[in-house]
Amino acid sequence: MWQTVRLVSVGVLLLVLAACGGGGGRSTHPVGLPAAFGDVDPHDWSGGRQPRDYPVHGIDVSRFQGQIDWPRVATSGVAFAFIKATEGGDRLDPMFDQNWRGAQRAGIPTGAYHFYYFCRSGADQARWFIRNVPRRALTLPPVLDMEWNHTSPTCRLRPDPETVRAEAADFLRIVGAHYGRRPVIYTTVDFWERNQMWKLGDYDFWLRSVAGHPQDVYDGHHWSFWQYTGTGTVPGITGKVDLNAFYGSPAAWARWKDR
């Protein structure tokens, strides 16, 4: 994915982050973020609904975050972690096993995500994901990450919307049947609009929207997760990380993750 709770005063937070080195770069604490997190390139959320309006927050990570101090992440208020597992039909994130084991040992609910490759079928990619992600690895539903990959050196294909949705449906059906849990769909604004992803039906959507609330950016469509920045900082992770909010209350989160 776009490589990505208590309130305290801004001054206190900055002192804490400076003292503990929570994240990398110059992290600031703009209005709208939960107290434990920073952002090296923040959006001003002061004009409307803000990430901190939601009480449940988490991260998504891949090999690009390097070595992660998962116990420290767990104490920062992170409630969940989605971890990159696979890409296409032949790529496994080299940090997947270490990351999910570290997150689970730290008591963080974990899910795995697959980054879609448009030059292989959805069914092939579903089988690759299943081959590499054991059922025991997941305490959250699996995720299908579909977005245009502008930098792919091997696949510049952009299928028509009907093909995109048909291949996504194959992946979702096969993966959902294997794990016994309905997958989540992650996507971006341009991909959502061009491919009319809402037509896939009754799935939980995880929407990227780093400069506006998803209810505004995605024309009022329901969402379960909101990726509100790709330049966040969290204690225990060196450098930038994606930050995400869950739609509902802590009680709703407890029901959702254990469904």
Inset, instruction - For TRP198, indicate whether it is surrounded by fewer than 21 Cβ atoms within 10 Å (Cβ to Cβ), over 19 Å from GLY88 (Cβ atoms) and of a type in the set (A, V, I, L, M, F, W, C). - result: yes
Legend entry - Qualifying residue in region 233-253 (condition: more than 23 Å from ALA103 (Cα to Cα) and in a loop (DSSP other than H, G, I, E, B)): no
Inset, instruction - Tally the residues that are of a type in the set (A, V, I, L, M), under 20 Å from SER62 (Cβ atoms) and either surrounded by fewer than 16 Cβ atoms within 10 Å (Cβ to Cβ) or out of contact with any strand residue (DSSP E or B) (no Cβ under 6 Å at 6 or more places or on another chain) (or both), restricting the search to region 208-239. - result: 1
Legend entry - Search result, residues across region 59-103 that are surrounded by 16 or more Cβ atoms within 10 Å (Cβ to Cβ), at pLDDT 95 or above and among the polar types (S, T, N, Q): SER62, GLN65, THR86, ASN99
Inset, instruction - Test PHE129 against the criterion of being of a type outside the set (A, V, I, L, M), at negative phi, buried (at least 21 other Cβ atoms within 10 Å of the Cβ) and out of contact with any Lys or Arg (no Cβ under 8 Å at 6 or more places or on another chain), and give yes or no. - result: yes
Inset, instruction - Under 9 Å between Cβ atoms, at least 6 apart or on separate chains: pull out the pairs that start in region 143-165 with a residue that is at positive phi and end on any residue that is part of a helix (DSSP H, G or I). - result: none
Legend entry - Counted residues, region 64-89 - those being of a type in the set (Lys, Arg) and under 17 Å from the mean Cα position of the chain (by Cα): 1
Legend entry - Condition check for GLY107: out of contact with any strand residue (DSSP E or B) (no Cβ under 9 Å at 6 or more places or on another chain) and on the phi > 0 side of the Ramachandran plot: yes
Legend entry - Hey, ARG156 among the basic types (Lys, Arg) and modelled with pLDDT under 95 or not: yes
Inset, instruction - Quick one: in region 58-90, of everything that is of a type in the set (A, V, I, L, M, F, W, C) and touching a Ser or Thr at 6+ places or on another chain (Cβ under 8 Å), which residue is nearest to ALA254 (Cα to Cα)? - result: PHE80
Inset, instruction - Filter region 13-58 down to residues that are among the polar types (S, T, N, Q) and either modelled with pLDDT of 90 or more or crowded, with 18+ Cβ neighbours inside 10 Å (or both) and give me whichever is nearest to LYS84 (Cα to Cα). - result: SER27
Legend entry - Answer residue from region 201-257, given it is aliphatic (A, V, I, L, M) and over 26 Å from VAL164 (Cβ atoms) and is farthest from the chain's Cα centre (by Cα) among those: ALA251
Legend entry - Residue within region 159-174 that is crowded, with 16+ Cβ neighbours inside 10 Å, within 20 Å of ASP204 (Cα to Cα), within 20 Å of the chain's Cα centre (by Cα) and not aliphatic (A, V, I, L, M) present: yes
Legend entry - Meets criteria (in contact with a Pro (Cβ under 9 Å, 6 or more places away or on another chain), more than 20 Å from ILE68 (Cα to Cα) and either in a loop (DSSP other than H, G, I, E, B) or at pLDDT 95 or above (or both)) for TRP198: no
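The values are calculated or read from the model by the stated rules, or taken from the named source; none is laboratory data. What you see is a predicted model; the values in this text were computed from it and never measured. Here Cβ is always computed from backbone atoms with ideal geometry, including for glycine, and neighbour counts include all displayed protein chains.
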